[in-house]
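Remarks on the structure that follows.
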Amino acid sequence: MERVPVLKIGDILLVSIQIDLQDQSVLNLQEDLADRIVATGARGVIIDITAVEIVDSFIGRMFATIASISRLLDAETIVVGMRPAVAITLVELGLSLGGVRTALDLEKGLRLLGVDGLAAGPRDRR
Amino acid sequence: MTDAGATEIPIGSGDDVVRVRQAVREAAGAAKLSLVDQTKIVTAASELARNTLIYGGGGHARVERVDSGLGRAGIRILFADEGPGIPDLDLALTDGWTSGNGLGLGLSGARRLVDEFSLDSAPGAGTRITVVKWGR
């Protein structure tokens, strides 16, 4: 079973999904992230799906679940890099991911979390 | 010509669901579907393969290229299992209805993502679902 690595940068956890996710990897990632948020005291989680070719209802639900879990653990989740075809397909599938914050790319996601050193704009936290 | 070599993939594990996605992606690319249409059919296949695994207790997928005869190519995928079958097809195709603990979007969502969808199932007789996605 391939595991998705969770990287720590300052007080942000970065997950860049580079594999074709099977359901068990998705569930493992959920648990790994919850553990790492608590262990590191991270205040933000960025999930980079630039390389992800499809998001089906199971994977989409995982994003929403991770966002809810991390909110309970005092961290904010941002999904970045969604491909246009993935967005179109998700909406047609019936999954609008209303509770998940997104940004177009990693840089914008980091800025949303108020990470310094990137000509940060005003802190924009909901 | 309706059959340009079909690929049959057993579905017995989560890894097999990933294999189905990969085979569908390859076939959709070869049939020159647009990127959005490729994404839609691969996503639909992922939903249906998962259903075959979880609700059907495993089965197989058959992926093949089809031609309309009018110059349009597409791909057809059959999902078959010998599981318990679906007692109420209308209910199973309703958004948000689930017999498991999913979102209830698998069948209904997959149907929206494809051009043709047919479902053949009865209690105790397994389930066969065929979907087709045509190039534009």
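In a residue-by-residue description of region B:76-86, the property of being farther than 27 Å from A:Val52 by Cα and touching a helix residue (DSSP H, G or I) at 6+ places or on another chain (Cβ under 7 Å) applies to at least one position. Could you count how many residues in region A:76-94 are within 11 Å of chain B (Cβ to nearest Cβ) and open to solvent by less than 20 Å² (accessible area, probe 1.4 Å)? Result for region A:76-94: 5. Scanning region B:8-33 for residues that are open to solvent by 20 Å² or more (accessible area, probe 1.4 Å), closer than 25 Å to A:Arg83 by Cβ and away from chain A (no Cβ under 13 Å) yields B:Ala27, B:Ala30, B:Lys32.
Can you work out which of the residues in region A:77-101 that are in a loop (DSSP other than H, G, I, E, B) and hydrophobic (A, V, I, L, M, F, W, C) is nearest to B:Ile41 (Cα to Cα)?
Here is the first cut: in region A:77-101, the ones in a loop (DSSP other than H, G, I, E, B) are A:81-83, A:94-100.
Restricting the remaining residues to those that are hydrophobic (A, V, I, L, M, F, W, C) gives A:82, A:95, A:97, A:100.
Working: A:Met82: 18, A:Leu95: 16, A:Leu97: 20, A:Val100: 24 Å.
It comes out as A:Leu95.
Determine whether region A:52-75 contains at least one residue that is without any contact (Cβ under 8 Å) to a residue 12 or more places away in the chain and open to solvent by less than 40 Å² (accessible area, probe 1.4 Å). So far as region A:52-75 goes, no, none of its residues is without any contact (Cβ under 8 Å) to a residue 12 or more places away in the chain and open to solvent by less than 40 Å² (accessible area, probe 1.4 Å). Among the residues of region B:79-97, those identified as aliphatic (A, V, I, L, M) and farther than 15 Å from B:Glu47 by Cβ are B:Ala80, B:Leu89, B:Leu91. So which residues in region B:101-136 are part of a strand (DSSP E or B), in contact (Cβ under 8 Å) with a residue 60 or more places away in the chain, over 10 Å from the mean Cα position of the chain (by Cα) and under 16 Å from B:Gly57 (Cβ atoms), if there are any at all? Across region B:101-136, the qualifying residue is only B:Thr127.
Residues in region B:34-63 that are assigned to a strand (DSSP E or B) and open to solvent by less than 20 Å² (accessible area, probe 1.4 Å): how many? Walk me through it before giving the result.
Here is the first cut: in region B:34-63, the residues assigned to a strand (DSSP E or B) are B:59-63.
Among the residues that remain, those that are also open to solvent by less than 20 Å² (accessible area, probe 1.4 Å) are: B:61, B:63.
The qualifying residues number 2.
The values are calculated or read from the model by the stated rules, or taken from the named source; none is laboratory data. Bear in mind the structure is a predicted one, so any value in this text is a computation, not a measurement. Neighbour counts run over all protein chains shown; Cβ positions are idealised from the backbone, glycine included. Side chains are part of the model used for accessible areas, which takes the heavy atoms of the whole protein and leaves out ligands, DNA and RNA. Shrake-Rupley method; radii C 1.70, N 1.55, O 1.52, S 1.80 Å.
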